[in-house]
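What follows draws every value from the coordinates through simple rules; no lab data is involved. This one's a predicted model, so the numbers in the text were calculated from it and none came from an experiment. So basically every Cβ, Gly included, is an ideal-geometry build from the backbone, and we count neighbours across all protein chains shown.
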Amino acid sequence: MRPTISFDARACLDVDPFEGDRDQDVLVRSDKIILPRKDHNCLICDGTARKATWCRARSEVDRDLGMAMTFYFCTSCCEAQAASWTDQGMSLTERYSIGCRLRGELPDVAA
Ligand SMILES: [Zn+2]
């Protein structure tokens, strides 16, 4: 049985998680909502994108480094990404600040 999805997958995938953040030459190979087979670290909140829960997985190749990478986003951060089209990114900002606190970084001050 597949778990029920709690967010709008299309709206979530429409969010570019690295918007304006990087200038590397990056090729997105796949970007989709999946049920991972094992736990992964969530890129946004630094929590766990748990196995068998709906998560976003984005695979990229950094053409400068010649390196392939996959980034995962947990269910709560997927919900926040999907909601960012209607809440001015408030939930997403909250998720990012959780990650900053866990990593001991200062959160970005909203411009
Ligand atoms: Zn997360």
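Miscellaneous remarks
- For the chain, averaging the sequence separation of C-alpha pairs within contact (under 8 Å, six or more residues apart) and dividing by the residue count gives a relative contact order of 26 percent.
- The local environment of ARG95, defined by Cβ-Cβ distances under 10 Å, has a net charge of -3 under the rule Lys, Arg +1 and Asp, Glu -1.
- When the Cα atoms of the chain are aligned to their principal axes, the ranges along those axes come out at 41, 33, 26 Å in descending order.
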